[in-house]
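Here the structure comes first, spelled out in structure tokens, and everything after it is commentary.
The values are calculated or read from the model by the stated rules, or taken from the named source; none is laboratory data. On a predicted model such as this, the values are computed, not experimentally measured, just so you know. Counting neighbours? That spans all protein chains shown, and the Cβs are built from the backbone with ideal geometry, glycine included.
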Amino acid sequence: MSYENILSKRNDGITTITINRPNKLNALNKATINELNQAFKVADKDKNTKVIIITGSGEKAFVAGADISEFAHFDVEDGGKLAAKGQELLFDYIENLSTPVIAAVNGFALGGGLELAMACHFRIASDNAKMGLPETSLGVIPGYGGTQRLPQLVGKGRAMEMVMTAGMIEAETAKAYGLVNHVTTQDELIPLCEKIAGKIMRNSTVAIKGAIKAINANYKDGVDGYKVEIKQFGKCFGTDDFTEGTTAFLEKRKAEFPGK
Ligand code: COA
């Protein structure tokens with residue numbers, strides 16, 4: 001599959017998707033969101049992709065936000081549709097994907113860029129990364145899930161401050177807040193993501209899929225996460241992965257999981 005705004009390549013079970021508009025600091029325009037939806041769909045269906053890494057092209061930005069030039073003239077209806085479509089195609093889509101998604105935050109992650117990173121299952125940042133939700137400085141609020149996922153990750157007070165000030169935080173502060181799991185050098189960012197992806201790939205993809213569903217259920221209104229966990233836990237007992245995992249343990253050997 002060939003794309004205009006992104007790159008996607010698979011290597012050893014990892015598909016790396018790179019947003020490739022460095023001259024626009026990888027800002028998310030409509031075409032890029034559509035291509036990302038397509039690339040995530042392809043990677044999720046691909047039996048040989050066990051983990052997806054998403055990053056930005058160039059040394060400066062992960063994603064500097066939604067493309068402001070595309071929505072500057074929008075009215076109330078257009079604005080609502082923009083948020084709804086983006087959440088459906090990309091942000092909620094990634095969060096609920098069965099394949100683990102790691103955000104490699106390699107520079108500015110602002111507005112829709114930080115929202116994209118937050119929709120991923122977890123985040124790793126390079127030490128030059130700067131993160132923030134500057135929307136209120138543009139006269140809007142975050143519309144790609146930022147008002148929901150930021151407080152989930154950093155707590156309500158910090159989220160309120162970040163949104164109200166529209167300021168940026170450094171990578172180390174983001175780590176202290178729990179927004180990113182690890183901080184490393186720019187050179188080591190992708191290798192560290194790949195190392196962690198390697199640890200994930202040793203485990204059952206079927207079990208990981210169930211775990212993603214159960215963990216996400218904790219953040220869904222009107223859903224009893226404990227019930228989701230019980231259902232997903234029970235389902236595992238009917239899988240080949242469960243038979244292999246428990247048998248391998250008892251036989252004192254490494255499990256060889258059949259895959260997706
Ligand atoms: N939407 C559209 N274009 C963007 C963009 C965005 N969110 N962020 C950056 N760009 C474009 C700039 O317009 C510029 O394009 P040009 O060279 O054609 O003029 C190019 O990317 C480089 O950005 P520039 O502002 O010159 O880089 P900088 O190093 O001076 O500043 C930032 C970097 C990130 C501080 C600055 O680009 C910025 O504030 N961007 C917007 C961030 C934002 O508000 N995001 C939330 C959107 S909802």
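Output the residue which, of all residues in the stretch 118-141 that are among the charged types (D, E, K, R) and within 12 Å of the ligand (Cβ to nearest atom), is farthest from PHE108 (Cα to Cα). If you could, list the steps in order and put the result at the bottom.
First, pick out the residues of the stretch 118-141 that are among the charged types (D, E, K, R): 123, 127, 130, 135.
Now narrow it down to the ones that are within 12 Å of the ligand (Cβ to nearest atom): 130, 135.
On the way: LYS130: 5, GLU135: 14 Å.
Checked the stretch 118-141; the qualifying residue farthest from PHE108 (Cα to Cα) is GLU135.
Of all residues in the stretch 37-84, those that are within 22 Å of GLY107 (Cα to Cα), basic (Lys, Arg) and either in the same structural domain as ASN216 (by the TED database) or in a helix (DSSP H, G or I) (or both) total 0. Put simply, of GLY234, GLY259, GLY222 the only residue that is at positive phi and loosely packed, with under 12 Cβ neighbours inside 10 Å is GLY222.
Taking (1) part of a helix (DSSP H, G or I); (2) within 11 Å of the ligand (Cβ to nearest atom) in turn, ILE94 satisfies each apart from (2).
Just so you know, in the stretch 80-104 the residues that are over 10 Å from the mean Cα position of the chain (by Cα) and aliphatic (A, V, I, L, M) include one that is nearest to MET168 (Cα to Cα), and it is ALA83.
Looking only at the stretch 214-242, count every residue that is closer than 26 Å to GLY13 by Cβ and without any contact (Cβ under 8 Å) to a residue 40 or more places away in the chain and tell me the total. Spell out the reasoning first.
Filtering the stretch 214-242 down to residues closer than 26 Å to GLY13 by Cβ leaves 214-216, 232-233, 235-242.
Then drop every residue that is not without any contact (Cβ under 8 Å) to a residue 40 or more places away in the chain, which leaves 214-215, 232-233, 235-242.
Looking only at that region, the number is 12.
For the stretch 55-69, a residue qualifies if it is within 15 Å of the chain's Cα centre (by Cα) and more than 17 Å from GLY86 (Cα to Cα), and the qualifying residues are THR55, GLY56, PHE62.
When the residues of the stretch 56-69 are narrowed to those that are surrounded by fewer than 24 Cβ atoms within 10 Å (Cβ to Cβ) and more than 8 Å from the ligand (Cβ to nearest atom), which ends up nearest to ALA31 (Cα to Cα)? Filtering first and then ranking leaves SER57. What do you reckon, is GLN87 touching a residue at least 40 places away in the same chain (Cβ under 8 Å), part of a helix (DSSP H, G or I) and over 28 Å from LYS199 (Cβ atoms)? In short, yes. Would you please name the residue that is farthest from the ligand (Cβ to nearest atom), looking only at residues in the stretch 70-91 that are among the acidic types (Asp, Glu) and in contact with a helix residue (DSSP H, G or I) (Cβ under 8 Å, 6 or more places away or on another chain)? Of everything passing the filter in the stretch 70-91, ASP78 is farthest from the ligand (Cβ to nearest atom). Could you list, in sequence order, all residues of the stretch 1-35 that are within 16 Å of the ligand (Cβ to nearest atom), touching a residue at least 12 places away in the same chain (Cβ under 8 Å) and out of contact with any Ser or Thr (no Cβ under 9 Å at 6 or more places or on another chain)? Scanning the stretch 1-35 gives LEU25, LEU28, LYS30, ALA31, THR32, ILE33. Among residues of the stretch 123-136 that are among the acidic types (Asp, Glu), those with a Cβ under 6 angstrom from a residue that is in a strand (DSSP E or B) and more than 8 Å from the ligand (Cβ to nearest atom), sequence gap 6+ or separate chain, pair up as ASP127/VAL183.
Only one of ALA159, ALA174, ALA129 is closer than 26 Å to ILE208 by Cα, of a type outside the set (Ser, Thr, Tyr) and crowded, with 17+ Cβ neighbours inside 10 Å. Can you tell me which?
Result of the check over ALA159, ALA174, ALA129: ALA174.
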